[in-house]
1. Explain nothing, just compute: Karplus ³J(HN,Hα) = 6.51 cos²θ - 1.76 cosθ + 1.60, θ = phi - 60°, for every residue of the stretch L:41-51 in order, whole Hz, x for Gly and Pro.
2. Please give the per residue accessible area of the protein assembly as shown, computed with a probe of 1.4 Å over protein heavy atoms only, in Å².
3. Set the bar at 30 Å for Cα to Cα. Now go through F:Lys28/K:Lys25; A:Lys28/J:Lys32; A:Lys25/J:Lys28; H:Lys2/H:Lys62; G:Lys35/J:Lys32 and name every pair that lies beyond it.
4. Ignoring ligands, DNA and RNA and using a 1.4 Å probe, state the total buried accessible area between C and E in Å², rounded to the nearest 100.
5. Using alpha-carbon pairs under 8 Å, 6+ residues apart, how would you state the relative contact order of chain H in percent?
6. Out of residues 5 or more away from H:Thr17 or on other chains, whose amide H comes under 5 Å of its own, with H placed 1.01 Å from N in the peptide plane?
7. To the nearest µm²/s, what D does Stokes-Einstein give for the protein assembly as shown at 37 °C and 0.692 mPa s, using the Kirkwood radius over alpha carbon pairs as Rh?
8. Which value in deg cm²/dmol, rounded to the nearest 500, describes the helix-derived mean residue ellipticity at 222 nm for chain A, given -39,500 (n - 2.57) per DSSP H run of n ≥ 4 and division by the residue count?
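The values are calculated or read from the model by the stated rules, or taken from the named source; none is laboratory data. As the structure is a prediction and not an experimental result, all values here were calculated from the model. All Cβ positions, even for glycine, are placed from backbone atoms using ideal geometry, and neighbour counts span all protein chains on display. The protein model used for the area step is the full one, side chains on, heavy atoms only, and it has no ligands, DNA or RNA in it. Shrake-Rupley method; radii C 1.70, N 1.55, O 1.52, S 1.80 Å.
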Protein chains: 12
Amino acid sequence: MKDHVYKLIELTGTSTTSIEDAIEKALKRAHKTVKNLCWFQMIETRGNIAKEKVQHWQVTIKVGFTMEG
Amino acid sequence: MKDHVYKLIELTGTSTTSIEDAIEKALKRAHKTVKNLCWFQMIETRGNIAKEKVQHWQVTIKVGFTMEG
Amino acid sequence: MKDHVYKLIELTGTSTTSIEDAIEKALKRAHKTVKNLCWFQMIETRGNIAKEKVQHWQVTIKVGFTMEG
Amino acid sequence: MKDHVYKLIELTGTSTTSIEDAIEKALKRAHKTVKNLCWFQMIETRGNIAKEKVQHWQVTIKVGFTMEG
Amino acid sequence: MKDHVYKLIELTGTSTTSIEDAIEKALKRAHKTVKNLCWFQMIETRGNIAKEKVQHWQVTIKVGFTMEG
Amino acid sequence: MKDHVYKLIELTGTSTTSIEDAIEKALKRAHKTVKNLCWFQMIETRGNIAKEKVQHWQVTIKVGFTMEG
Amino acid sequence: MKDHVYKLIELTGTSTTSIEDAIEKALKRAHKTVKNLCWFQMIETRGNIAKEKVQHWQVTIKVGFTMEG
Amino acid sequence: MKDHVYKLIELTGTSTTSIEDAIEKALKRAHKTVKNLCWFQMIETRGNIAKEKVQHWQVTIKVGFTMEG
Amino acid sequence: MKDHVYKLIELTGTSTTSIEDAIEKALKRAHKTVKNLCWFQMIETRGNIAKEKVQHWQVTIKVGFTMEG
Amino acid sequence: MKDHVYKLIELTGTSTTSIEDAIEKALKRAHKTVKNLCWFQMIETRGNIAKEKVQHWQVTIKVGFTMEG
Amino acid sequence: MKDHVYKLIELTGTSTTSIEDAIEKALKRAHKTVKNLCWFQMIETRGNIAKEKVQHWQVTIKVGFTMEG
Amino acid sequence: MKDHVYKLIELTGTSTTSIEDAIEKALKRAHKTVKNLCWFQMIETRGNIAKEKVQHWQVTIKVGFTMEG
């Protein structure tokens, strides 16, 4: 079995609906550039507020993917 | 453009349904006293348990708002 | 009133749907062995990815329960 | 059962005798302004020194209380 | 000299009198189940409040003990 | 000598010129409401960017002041 | 695919030779009681000293394993 | 309003004059490659010393920018 | 008013009776070597256990003192 | 002397033999893409387990390198 | 090339003008006793306040220097 | 049994071969000045890189020793 090397990048996904959706949006965008995403870990959850409601959930994650070659 | 000063207060919202709802409830309550809420950041998520289910999600957030004047 | 002693155990629940569901699954499983669960606190949220989507939400919690006797 | 919202404030109590006494003094003072104090958590313990003895124990706590209405 | 392996468990002791007493109560209870307790480290101190006084000191510790065999 | 109790509030000062100026601006604003400010500690430094320059330095501090009475 | 629940336990392995060996010794001992160990993460490395040499490497790890049933 | 995804990169700027200048230098260099820089947060400040003076201020920041497309 | 420079040293005091006493013992010992101790902050509390009781409270503190000249 | 700007990337190296080897493997792979690697710092050590042995050491590091131009 | 050993000491420099100046003052004072200072890292920034202005910037740093011999 | 007081100093050992060797080198050097070293804990592991290899492992530890008298 090969010894892989992984790279971790940090992304902030945003969503008007939920924490999970903000993460999914970040992964979807990352997938356009990087194909072999493996795992993520949540780093921070923030949000901006309009009056008394969360306008955008802003979730920062680290995403790990296999470095080829 | 003016140099604003912001105050941050710490709140724990609770909800029987979800993490997002606990945060929204905290913001709704804060809005009764403070009108210009700008952003929040999650600090901690806890909960109390009845038998094998989460009874209340307890989410602690810091909320920032503009100090007038 | 009695001075209770509590034990805290650490669990990772997993779910294909949401963070809240991963926690509920961990509590449900813990309840098979330990009856008097009192509270939990979230420690970490991670997940594994299939292509561009979260396959499993992996949420690590500490769960506190009363030690009898 | 109602979904409460709690506010957390940070206080530093001081005492010439002990850590516990510094916390009790902070709670006693807070109670003059806020009636429904619920819980606290210790954040930091410091002290100033006169020669070779602790002159004042300075204990910083977060105190949570129910927001009415 | 043998290479020991130790297990660490996390406990919350409670007391109406002091931080030290809450820790001693946790150790006393742990000793009923585990005989060879070696050391502890404090993790967190919290408390619940009745009016303006600490009702219960809640001290969370990690306790290490030798695994036999 | 009296055992004082201090309250800590969290503020974010902003400035177009420097970290020190952002802190001074937060203290100046706080002084309008609270007279006996004693000390501060830096919590976090952030900033927003216009093209390739820092537009506003955003410095979050905790400020401690004596509670009267 | 099933949603597993994992338990994490904390162990301190000790060794006279290396950090890696201390971890392997902890896993070997844990395996006597728990069969389905999955992963570990290092928490802390300490050691006791005899004169000018490390006598025992003491490495604390969290070990995760699948909860059956 | 669109749900943006942001990427965060970590940079260390250096300067012989000040902390602020080290950050501005990092942003200026980043702008050569990435156009839509939005915000930064300070992570760490270090420096190397020549005799008794700071030779280079070394300030590590995270910089967030919008991912296009 | 002069701009002082302070040095911070780290000490672990031990006591069979209480956390406060362990700190006082560390300060008493430090005072033999360093005369102008100013303040301390608690870093960590640990202890070793004999059967079911704390044998020694081990409290690690940082102590600050003015550097003369 | 020039004021350099450095970029930090995060990598996870894996190895069946040791922590040091996992780091060396990550650096070797990074060097294929980035030539002027300067320093690294360890962030986290994890591993997956087969029965009672570490199968892969997984060491996450931050690596800093000079940004040209 | 020799394998050096470095010692790190912790200092708090104070200044009425800026964070950078407080650090320079600490290094200048340290240089009276220790000649081969190599690097520093900022640990904490605090300050005392007179009315609405920072009276003294208090910056705590760790300073590393080569141990001779 | 006497209540000892311990002092903790921070050292960075360096080695071209391994993490363990860097720690042993720091202890060996410390032993020249301080005879009664008791324990250490690892604080941080860094390294400088030549091309694609670790040139020096730089391991920072805290070392505790008994204060005499």
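1. Couplings: 9, 6, 10, 7, 10, 10, x, 9, 10, 10, 6 Hz.
2. Working: 34450 Å² over 828 residues.
Per residue, the protein assembly as shown has an accessible area of 42 Å².
3. Numbers: F:Lys28/K:Lys25 26 Å; A:Lys28/J:Lys32 27 Å; A:Lys25/J:Lys28 33 Å; H:Lys2/H:Lys62 23 Å; G:Lys35/J:Lys32 40 Å.
Correct reply: A:Lys25/J:Lys28; G:Lys35/J:Lys32.
4. On the way: alone 5380 and 5390 Å², together 9600 Å².
For chain C against chain E, roughly 1200 Å² becomes buried.
5. On the way: 128 pairs, mean separation 30.6, N = 69.
Worked out over chain H, it gives 44 percent.
6. Amide H neighbours of H:Thr17, under 5 Å, 5+ apart: H:Trp57.
7. Details: Rh = 28.2 Å.
Diffusion coefficient, whole number: 116 µm²/s.
8. Values: 1 runs with 15 residues, N = 69.
Counting only the DSSP helices, I get -7000 deg cm²/dmol.
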